[in-house]
Structures are given as structure tokens and as C-alpha cells.
Amino acid sequence: MIVLAIDTAGTGCFAAVYDDSTDTVLASAGADIGRGHAELLMGFIDKALAESGKVLADIGRIAVTVGPGSFTGIRVGVAAARGFALALGVPAAGVTTLSAIAEAARAANPGRAILATIDAKREELYCQSFEADGTARSEPLMLEIPEAQRLFADFDGVIFGTAAKHLTDQPPENIAQTDLTDIRLVARLGAAADPSKGKPSPLYLRGPDVKSQAGFAVARA
């Protein structure tokens, strides 16, 4: 299956064409642009398709990052993914940025549980814990730093991501220097996703209902 992967959830704007039968990115295009995803995304998609030797008719699935991340960027990517899926008659799968971070950490730490973290600014963190096999152990959460430190004080695995410095004394290599998402992992996770789960939707974690999710993390972290 050929997958078109899209990532606009952070400062980066990326597209890739991926062949899941060989776990190979055939081509990718994009840049860390900060803003302006809507203006540049289609050009990056066109470039990735051209360099891969594929056309839209070859695409069997769309994969897109749904957050947490940039409010505007997420909307741009999800809208594009839904539009392509509708026009091509193929499924679209949402991939969280935290699951992509966890997938990268699992590759470097086989057999270990992972706590994926992103610095959400404003003294808050995005966090989600995963089993060693990649299964989600908690829901994605946005937590104030002291609350995250309390919830995950006894976490029994590797803490990885740009916010890891707030939660662990683990080696510096576990503290990512950027929140840019690996588009290859977005494509791989999107290819493996269950297409029956419906259309991808933005994952926004800022809001009045966020704190109500903390109990789930306590129960399963």
C-alpha cells in the first residue's frame, strides 16, 4: 500500500510518500517553517509525489498528524487529509505526535515502556505513556509541570521528548532538541492504523476538560 503522509502539527510542514510493503519512504519534502502551513503544504505534497514517481491515483491511504501541537497547523493538515481521502475514496488515519515520539523512542529502547513528552509552553507539558509494544498506557494529557512530576514520579520506563528534562535525570540523549515529527514514523503508524476508526480529528488538549483526564493517567501510568 502506498501512503501519503502529512505533518503540520508543529513548526514543521512535511509530506512523504511511503510504501508499507517495504517500509520505505519513496520521497519526502518539507521544511521547518514556523508558520504558513496552508500556503506551502500542497507544494510539498506535489514535490514528494513527483520525486517518488507516484501520482495521487496510486495512494491507498492518507496519514496525518492530529496533535497535540499548533492549533492552526493541525487544522490545515487534517483538512487536507480529509479532502484527499474524500477525493480519492481512500481511508485517512490520524497519528498523534506523541505516538510518533514514542515510536522513535521504542526503536532506541526495545522492551521498555515509554513516556512521550512535548514542551507545551506556559509551564505545561503534553504527555502520554506507552507499553513496550507501543500500546497506549494513558490518554494524551496536558499537565502543569508539578502535576506531571507527581503523576510520573515512579514511571518504570524511558522518558523521551523535549519535556523530558522536567521529569527525569535520564541521559541527555532522551531529551529531544526539537519537536519536529519524523514523517517516516507518521507514515508507518498511519499505515498500521485501523481505518474503521473514522475520519482523523484534531487533538486539542487546551481547554476546561483537560484536568478531568488526569485520573486515567494516574490509574494506568
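Points worth noting:
- Count of residues meeting criterion [touching a Phe, Trp or Tyr at 6+ places or on another chain (Cβ under 9 Å), of a type in the set (Gly, Ala, Ser) and on the phi < 0 side of the Ramachandran plot] in region 28-51: 4
- Check on ALA50, small (Gly, Ala, Ser), modelled with pLDDT of 95 or more and open to solvent by less than 30 Å² (accessible area, probe 1.4 Å): no
- Qualifying residue in region 145-158 (condition: under 29 Å from LEU4 (Cβ atoms), open to solvent by 60 Å² or more (accessible area, probe 1.4 Å) and either in contact (Cβ under 8 Å) with a residue 60 or more places away in the chain or part of a helix (DSSP H, G or I) (or both)): no
- Checked against (1) in contact (Cβ under 8 Å) with a residue 60 or more places away in the chain; (2) closer than 17 Å to ALA9 by Cα; (3) open to solvent by 40 Å² or more (accessible area, probe 1.4 Å), GLY161 meets all criteria but (3).
- Matching strands (runs of 3 or more DSSP E) fully within region 61-142 where at least 3 residues are open to solvent by less than 10 Å² (accessible area, probe 1.4 Å) and closer than 18 Å to HIS166 by Cα: 114-121, 124-130
Table: residues versus (1) of a type in the set (D, E, K, R); (2) over 27 Å from THR117 (Cα atoms).
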residue	(1), (2)
ILE6	no, no
ALA15	no, no
ASP19	yes, yes
ALA29	no, no
ARG35	yes, no
ALA57	no, yes
ALA81	no, no
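- Residue within region 10-18 that is over 17 Å from the mean Cα position of the chain (by Cα) and over 26 Å from GLY161 (Cβ atoms) present: no
- Test set (1) under 12 Å from the mean Cα position of the chain (by Cα); (2) more than 18 Å from TYR204 (Cβ to Cβ) - LEU98 fails condition number: (2)
- Failed item, numbered, when GLY34 is tested on (1) part of a strand (DSSP E or B); (2) open to solvent by less than 60 Å² (accessible area, probe 1.4 Å): (1)
- Every condition in (1) surrounded by fewer than 16 Cβ atoms within 10 Å (Cβ to Cβ); (2) over 21 Å from LEU203 (Cα atoms) holds for VAL3 except the one numbered (1).
- The single condition among (1) more than 30 Å from PHE152 (Cβ to Cβ); (2) at pLDDT below 95; (3) touching a Ser or Thr at 6+ places or on another chain (Cβ under 7 Å) that ALA16 does not meet is (2).
The values are calculated or read from the model by the stated rules, or taken from the named source; none is laboratory data. A quick note: this is a predicted structure, and the numbers were derived from the prediction, not measured. Please note: Cβ atoms are built from the backbone with ideal geometry, for glycine as well, and neighbour counts cover all protein chains shown. Quick note on the areas: whole protein, heavy atoms, side chains included, nothing else; ligands and nucleic acids left out. Shrake-Rupley method; radii C 1.70, N 1.55, O 1.52, S 1.80 Å.
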